[in-house]
Every structure is written in C-alpha cells, then in structure tokens.
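Report on the following structure.
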Amino acid sequence: VVPNPSNGTFVVSGSIGHNLNGVVTAEVTNMLGQTVYTGNARVQNGEINHRISLDNNLANGAYMLRLTNGINSEVIHISVSR
C-alpha cells in the first residue's frame with residue numbers, strides 16, 4: 001500500500017503469490033469493524049495494481065484493508081491523515 005499513511009487515496013500493488021487472473025474484493029473497515037469502503041480489484045498474472053479513494057468525510061485514524069479472493073484473505077493496516 002503506497003502511500004501509508006495516506007490522505008485517503010492510495011494504491012494497492014504487488015504479487016498475490018499465484019499466477020492468477022481474476023478479481024479480489026477490497027474492503028476497508030474502521031477499528032469498530034464498520035465497513036467504510038468495498039470494491040473489486042483486478043488481478044492479472046498474479047499481480048494487483050488497484051487505486052482506492054476513500055470518502056473525503058472519513059476521519060483521520062487507523063483502518064484495516066482486507067483483500068479476499070474467495071479462498072484466501074490478507075489484512076493490511078493503513079492510516080489516514082488529511
């Protein structure tokens with residue numbers, strides 16, 4: 001995730017460890033477990049490069065980004081500072 005911390009807009013990029021093509025679900029939640037963003041990201045040849053823009057009214061603080069492909073999931077901690 002670049003940049004982290006961000007102003008609410010960041011890019012998720014890298015290898016997911018498999019030479020897959022398809023879609024993963026990206027979900028951002030706050031520390032209370034409330035979902036503040038849900039979207040889909042394309043995976044091509046095992047690589048993800050997806051831009052996420054969170055709501056401008058979202059409070060500064062810590063959030064969790066969960067990437068799920070239906071079988072596996074990965075959680076990345078992110079910070080928003082505007």
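The values are calculated or read from the model by the stated rules, or taken from the named source; none is laboratory data. Owing to the predicted nature of the structure, the values given are computational and were not obtained by experimental measurement. Here the Cβ is made from the backbone with ideal geometry for all residues, glycine too, and neighbour counts use every protein chain on show. Side chains are part of the model used for accessible areas, which takes the heavy atoms of the whole protein and leaves out ligands, DNA and RNA. Shrake-Rupley method; radii C 1.70, N 1.55, O 1.52, S 1.80 Å.
The table that follows gives values for the structure above.
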read-out	value
Check on L58, modelled with pLDDT under 95 and more than 17 Å from N69 (Cα to Cα)	yes
Single residue of region 61-73 satisfying the filter (assigned to a strand (DSSP E or B) and without any contact (Cβ under 8 Å) to a residue 40 or more places away in the chain) that is nearest to the chain's Cα centre (by Cα)	M64
Residues within region 11-27 that are outside any strand (DSSP E or B) and of a type in the set (S, T, Y), tallied	0
Candidate set from region 67-82 (those that are of a type outside the set (V, I, T) and within 21 Å of N21 (Cβ to Cβ)); member that is surrounded by the most Cβ atoms within 10 Å (Cβ to Cβ)	L67
Any hit, region 49-60, residues being part of a strand (DSSP E or B) and without any contact (Cβ under 8 Å) to a residue 24 or more places away in the chain	no
In region 28-39, the residues that are assigned to a strand (DSSP E or B) and either in contact with a Pro (Cβ under 7 Å, 6 or more places away or on another chain) or more than 12 Å from V12 (Cβ to Cβ) (or both)	T29, N30, T35, V36, T38
Condition broken by Q44, with the remaining ones in (1) modelled with pLDDT of 95 or more; (2) under 18 Å from V11 (Cβ atoms) satisfied	(1)
Leading residue by the ranking (most open to solvent (accessible area, probe 1.4 Å)) among those in region 19-42 that are of a type in the set (A, V, I, L, M, F, W, C) and within 21 Å of N60 (Cβ to Cβ)	L32
